1. Tell me, which residue of region 32-60 that is without any contact (Cβ under 8 Å) to a residue 12 or more places away in the chain and assigned to a helix (DSSP H, G or I) is surrounded by the most Cβ atoms within 10 Å (Cβ to Cβ)?
2. Return yes or no: is Q29 of a type in the set (S, T, N, Q) and free of Cβ contacts under 8 Å to residues at least 24 places away in the same chain?
3. Return the total of residues in region 61-84 being part of a helix (DSSP H, G or I), without any contact (Cβ under 8 Å) to a residue 24 or more places away in the chain, out of contact with any Phe, Trp or Tyr (no Cβ under 7 Å at 6 or more places or on another chain) and surrounded by 12 or more Cβ atoms within 10 Å (Cβ to Cβ).
Amino acid sequence: MSKKLAPDGKKNLIGARIKHMRKARNLSQEQLTEQLQLLELDYERGVIKRIENGTRFVSDIELQVLAKFFSVSYDFLIDGKGEK
């Protein structure tokens, strides 16, 4: 059985918002990876790129850490609504 994709065919709904928030903080993908590693997300090089491009699924644990790092709600990450 295949995994469900976003309406645009991507593997996650949050990539564009992560990219926007990362750039708003003037962070490179590598810098964001380093910051998330400090929050105990074991990301390796290229993970942020794949999330932003929508070619990687994102787990609920990753979603929780990303929301905490960017100080946004889960709803905002997933559909752009709710608490920013």
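Values in this text are rule-based calculations from the coordinates and carry no lab data. Just so we're clear, the structure is a prediction, and the values are computed from it rather than from any experiment. Counting neighbours? That spans all protein chains shown, and the Cβs are built from the backbone with ideal geometry, glycine included.
1. R50
2. yes
3. 4
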